[in-house]
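Got a structure for you, written out below as structure tokens; questions coming shortly.
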Amino acid sequence: MMKRTTWLLLGLVAAAAVGLTPQARAQHAEDAKATMAETTAVLRNIESVTFKSRRYATSILKDIIDSSGEVKIYRPKGQSTVYVMATGRIKQPGAADKQLMVTHDGKVVRWLDHKNKTLMARPMGDSKAKAELTDLGQLLPSELLATDPFAQDMKAELIERIGMEEILGEVCEIISAGTRAGDGARIWAISQVDRLPRRLENARGTGTDRLSMICDMWDVRTDVKLSAKDFEITLPEGYTLDEKIPAAIVPPETTPPAPVELGVPVGSAAPEFSFKDSMGKDVSTSTLKGSPAVLEFFGTKFAGSLNRTDDMKALYEAHRGSGVKFVGLACRENDDNTPKAHWQAHGVPYPLVPRADVALGEFRVIAFPSYYVLDAHGNVSAFFQGWPGRDALDAAIRAAGKN
């Protein structure tokens, strides 16, 4: 059975927030914003994504809103055009369900009108096209196409990282952006694996008057190779074409959002940070200066991180005599004990920061493991998203020692 615990959590979070210290409340907000920043970066950099979707409601709208289908999105590199297609079923109260097949490229909307056996094509601003786009929106949260998908949430009175929950078989971070009174919120479930949304819930009201509109997303794939041809609708046998498109459609002048640059640029000063390691000792930008340093951003939920423990120990031993400092920065952990237990079980000799998520935003890290090599002055000498290989990381450490 599909979990509904986020609906209950919202009220609990609003109540619990009253008892939080200002520092704890600020940390919850920073954690939430860091996750939003990661997801924004992923959304801006993905070329194609496909997923299955279902939008439904609770309370008095439970039997009125219930649609499901499949969505695919394609952003050709170097172009401002975005192709979108949705196929599925739209529930129509008092009438038979509507079978949906609609696609657009930001200028022209094309769809199948099964009732009249017609393939329609109209400009985006056409009234009939707008109606089809409204149906498409039931399967696709508009935030997935927005330039700044979390702009509305960042303005919320209360932004919280509620915790972790399994959503449709995937472990997700639950982020709530709503009112301090707890009578309204947008609740996101963000996958721990690919940092893409798996659920968006728009909740309003309290108690028995509470109403939620929910969009679930699953079978999310970013490895599907798409092209413009995948968004064409073939005229079915027995259907006619009704195309009313002006000879030249000039789209509004827009500038596609620049891809988010991952990692702090080489040569720049590393962002300031200050943590306590698992032994209670200070670990900060200033304590690392004076010799090269390696920052290992990892998470025990990610196999890529766990598989590199022995390699990192070997690199530490190889550079122990030269004074190179290593620090493990655990991220996306449910608790402090899990990374500590991994450190102890494998005899990792360098310091561990059990919970370093707050640094992810400024360091522009969205994947685990990721590695920074800093020179003795605290400047970025190298950045690697993913494991670069022991030889490459070793060479980067040696190069940092020459700066």
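Scanning the stretch 343-400 for residues that are of a type in the set (D, E) and over 17 Å from P271 (Cα atoms), which turns out surrounded by the most Cβ atoms within 10 Å (Cβ to Cβ)? Write out each step before concluding.
Going through the stretch 343-400, the residues of a type in the set (D, E) turn out to be 357, 362, 375, 391, 394.
Remaining after also requiring over 17 Å from P271 (Cα atoms): 391, 394.
Working: D391: 8, D394: 16.
My answer is D394.
Could you run through the stretch 75-113 and say how many residues are among the aromatic types (F, W, Y) and either free of Cβ contacts under 8 Å to residues at least 40 places away in the same chain or farther than 27 Å from A247 by Cα (or both)?
Quick first cut of the stretch 75-113, residues among the aromatic types (F, W, Y) only: 83, 111.
Then drop every residue that is not either free of Cβ contacts under 8 Å to residues at least 40 places away in the same chain or farther than 27 Å from A247 by Cα (or both), which leaves none.
Total meeting the criteria: 0.
Going residue by residue through the stretch 220-231, is there one that turns out to be modelled with pLDDT under 90 and assigned to a loop (DSSP other than H, G, I, E, B)? Give the steps one after another, and end with the answer.
The initial filter retains those residues of the stretch 220-231 that are modelled with pLDDT under 90, namely 223.
Restricting the remaining residues to those that are assigned to a loop (DSSP other than H, G, I, E, B) gives 223.
Checked the stretch 220-231: at least one residue is modelled with pLDDT under 90 and assigned to a loop (DSSP other than H, G, I, E, B).
Based on what the data block shows, is V193 over 18 Å from Y56 (Cβ atoms) and within 17 Å of the chain's Cα centre (by Cα)? Walk me through it before giving the result.
Values: over 18 Å from Y56 (Cβ atoms): yes; within 17 Å of the chain's Cα centre (by Cα): yes.
It is true that V193 is over 18 Å from Y56 (Cβ atoms) and within 17 Å of the chain's Cα centre (by Cα).
How many residues are without any contact (Cβ under 8 Å) to a residue 40 or more places away in the chain and of a type outside the set (S, T, Y) if we restrict to the stretch 131-167? Spell out the reasoning first.
Narrowing the stretch 131-167 to residues without any contact (Cβ under 8 Å) to a residue 40 or more places away in the chain: 131-134, 137, 142, 146, 151-152, 155-157.
This time we only want the ones that are of a type outside the set (S, T, Y), so: 131-133, 137, 146, 151-152, 155-157.
Total satisfying the criteria: 10.
Condition check ((1) closer than 24 Å to A26 by Cβ; (2) free of Cβ contacts under 8 Å to residues at least 40 places away in the same chain; (3) assigned to a strand (DSSP E or B)) across all residues:
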| site | (1), (2), (3) |
| --- | --- |
| I174 | yes, no, yes |
| G182 | yes, no, no |
| R195 | yes, no, no |
| E201 | no, no, yes |
| I214 | no, no, yes |
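Residues that are over 27 Å from V49 (Cα atoms), in contact with a Lys or Arg (Cβ under 6 Å, 6 or more places away or on another chain) and crowded, with 19+ Cβ neighbours inside 10 Å: does the stretch 158-179 have at least one?
yes
Go through the residues of the stretch 36-53 one by one and say whether even a single one is modelled with pLDDT under 85, closer than 30 Å to F363 by Cβ and loosely packed, with under 14 Cβ neighbours inside 10 Å.
Checking the stretch 36-53: not a single residue is modelled with pLDDT under 85, closer than 30 Å to F363 by Cβ and loosely packed, with under 14 Cβ neighbours inside 10 Å.
So, one more: Given the criteria assigned by TED's automatic domain parsing to the domain that holds E237, touching a residue at least 40 places away in the same chain (Cβ under 8 Å) and not in a loop (DSSP other than H, G, I, E, B), does K128 qualify?
On the way: assigned by TED's automatic domain parsing to the domain that holds E237: yes; touching a residue at least 40 places away in the same chain (Cβ under 8 Å): no; not in a loop (DSSP other than H, G, I, E, B): yes.
For K128, the condition - assigned by TED's automatic domain parsing to the domain that holds E237, touching a residue at least 40 places away in the same chain (Cβ under 8 Å) and not in a loop (DSSP other than H, G, I, E, B) - is not met.
One line per residue, one yes/no per condition, for (1) assigned by TED's automatic domain parsing to the domain that holds L136; (2) part of a loop (DSSP other than H, G, I, E, B); (3) over 11 Å from F231 (Cβ atoms):
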{"site": "S53", "(1), (2), (3)": "yes, no, yes"}
{"site": "Y56", "(1), (2), (3)": "yes, no, yes"}
{"site": "I60", "(1), (2), (3)": "yes, no, yes"}
{"site": "I64", "(1), (2), (3)": "yes, yes, yes"}
{"site": "K72", "(1), (2), (3)": "yes, no, no"}
{"site": "Q79", "(1), (2), (3)": "yes, yes, yes"}
{"site": "V84", "(1), (2), (3)": "yes, no, no"}
{"site": "R89", "(1), (2), (3)": "yes, no, yes"}
{"site": "P93", "(1), (2), (3)": "yes, yes, yes"}
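Right, something else. Would you be able to tell me the number of residues in the stretch 326-341 that are surrounded by fewer than 20 Cβ atoms within 10 Å (Cβ to Cβ) and farther than 19 Å from D31 by Cα?
At the first step, the residues of the stretch 326-341 found to be surrounded by fewer than 20 Cβ atoms within 10 Å (Cβ to Cβ) are 334-338, 340-341.
Narrowing further to those that are farther than 19 Å from D31 by Cα: 340-341.
Qualifying residue count for the region: 2.
The values are calculated or read from the model by the stated rules, or taken from the named source; none is laboratory data. Quick caveat: nothing in here was measured; it's all calculated off a predicted structure. Glycine gets a Cβ as well: all are built from the backbone with ideal geometry, and neighbour counts include every protein chain shown.
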